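Accompanying notes for the structure given below.
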Amino acid sequence: MNLFRCLPIVCVLYLHVTFSTSYKILLVPLVQGSHVSCILAIARELGRRHHETHILVDEGYEVKEDTAAEMKQFNITFVQIIDNRYNSKAETKELIEKVVHRMTSDVFPYKDLLESTSHWAESHAQLLFLENEPLIEKLNSAHYDLAVIDGMYCTKHFYLLAHRLGIPWITYTDYPDPWLMRVPWSPSIVPGKFSFQSEKMSLIGRISNVWFSNIAKLDEQIVKIPENIITKYQRYGVFDSVVDLIERSKFFILTSDIIIDSPKPIMPNMIEVGGLTTQPAKKLPEDIQSFLDAAEDGVILVSFGSMMSKFPDILLSKFLDAFNRIDRHRIIWRMTNSSSKFQIPDFIKPGGWIPQNDILAHPKVKLFINHCGSNGQFEALYHGVNISLKTFFYIHINISGVKLV
């Protein structure tokens, strides 16, 4: 097994060097649309090189028709966590509704998000490790060679799974932690995720960046794994904390790219792979194709990600008020609820799931308004569409309408 634990194997698996040996790889994403899409992109590339991939998801995860076809083509299998009591969909919905309510009250919701996320992480850890022992044993008997862990502050417990299976792991992450990766990202030079600074910081900007970077680091400590689970899994190998396991990652895959990200030091155990979901457009559904083709002055695509497709009446009203001021362009809006109180004009096409990458490839699309999601940024860049990046937590509602800041 020492061969499989070597860093060169981890590197070359991702750098797409063809091997004659086939490996079995477990991928553990946060089960949200954009995260699973990126993990699927990695699985497809591994499948093209004849590796077998299994993706761990929550029970009831809906596999789209095109994904099902790819699973067969690229030797991808979904493994589901059996949900005996925990309703992750309901909890996610409740979390979003709570954040939106606070947002419409002009109250910064970050603390609420942390507390709710901490509760989700604790409940999900109990579900996976205390109520799914048959699944754990099944995964253990599968004899995986490697695990790819979606590394976020709320998914720390995922590392316990790879530790339990006795296999090496690598981290795929939207939010790289320089302290855990042991790379010299000084906050006086490299902008933090939540400081909203550029690399050209003034003295006050540097101080602000240091402050917010450290506050964010401390705030994330609220997310903890129950001690009984930690104690149970320490019998499979010594570790001080889950942070210790994260630091043992053999490799770090970062969803950033030098083209649109700030300069930062990159060490040999790191690789940037921004734009995993970008690809040439597939054929659009007929209704979307005709809607785009008929737009004489162009189309605006509006989507706030897989987590934000339902809007309370107050938000719906404000957005419609803003969009009704647009008298030339058509709008495709990812919005799954339309209250009977409001009339959706003909130039707006609301809908649930949309083929975002394929729509952005259409020449009539002139602007993309989104929640600052990583996939959306790169897909818009790939297809040459102007983008308005408005992070979800900074949409303010005022009496004059929607003010995006």
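Mind listing whichever residues of the range 297-340 are hydroxyl-bearing (Ser, Thr, Tyr), modelled with pLDDT of 80 or more and over 14 Å from Ile369 (Cβ atoms)?
Within the range 297-340, the subset hydroxyl-bearing (Ser, Thr, Tyr) is 303, 306, 309, 317, 336, 338-340.
Restricting the remaining residues to those that are modelled with pLDDT of 80 or more gives 303, 317, 336.
Correct list: Ser317, Thr336.
List the helices (runs of 4 or more DSSP H) inside the range 1-114, counting only whole elements, that have at least 1 residues being over 25 Å from Phe378 (Cα atoms) and at pLDDT 65 or above. Before you say what the answer is, go through the steps one by one.
Numbers: elements: 7-14, 33-48, 65-73, 88-104.
Helices (runs of 4 or more DSSP H) meeting the threshold: 65-73, 88-104.
I'd like the residue in the range 168-191 that is in a loop (DSSP other than H, G, I, E, B) and under 22 Å from Val36 (Cα atoms) and, out of all such residues, is modelled with the highest pLDDT.
Step one: of the range 168-191, the residues in a loop (DSSP other than H, G, I, E, B) are 168, 174-177, 182-191.
Right, trim to under 22 Å from Val36 (Cα atoms) and you get 168, 174-177.
Working: Pro168: 96, Asp174: 89, Tyr175: 87, Pro176: 89, Asp177: 88.
Here the answer is Pro168.
Give just the number: which of (1) assigned to a helix (DSSP H, G or I); (2) in contact (Cβ under 8 Å) with a residue 24 or more places away in the chain; (3) within 20 Å of Pro285 (Cα to Cα) does Asn375 not satisfy?
Result: Asn375 fails condition (3) only.
List the strands (runs of 3 or more DSSP E) inside the range 204-314, counting only whole elements, that have at least 2 residues being touching a His at 6+ places or on another chain (Cβ under 8 Å) and not aromatic (Phe, Trp, Tyr). Before the answer, list the steps.
On the way: elements: 252-254, 270-272, 299-303.
By residue number, 299-303.
Against the condition over 22 Å from Asp66 (Cα atoms), assigned to a helix (DSSP H, G or I) and not aliphatic (A, V, I, L, M), how does Lys318 come out, does it pass? Let's see the steps before the verdict.
Numbers: over 22 Å from Asp66 (Cα atoms): yes; assigned to a helix (DSSP H, G or I): yes; not aliphatic (A, V, I, L, M): yes.
So Lys318 passes the test.
Across the range 356-365, which residue is farthest from the chain's Cα centre (by Cα) among those that are crowded, with 16+ Cβ neighbours inside 10 Å and not hydrophobic (A, V, I, L, M, F, W, C)?
Lys364
Within the range 321-346, how many residues turn out to be surrounded by 17 or more Cβ atoms within 10 Å (Cβ to Cβ) and part of a loop (DSSP other than H, G, I, E, B)?
The first filter runs over the range 321-346 and keeps only residues surrounded by 17 or more Cβ atoms within 10 Å (Cβ to Cβ), leaving 323, 329-335.
Right, trim to part of a loop (DSSP other than H, G, I, E, B) and you get 329, 335.
The number of residues fulfilling the criteria is 2.
The values are calculated or read from the model by the stated rules, or taken from the named source; none is laboratory data. None of the values given here were measured: they were computed from a predicted structure. Positions of Cβ are generated from backbone atoms using ideal geometry, with glycine treated the same way; all protein chains shown enter the neighbour counts.
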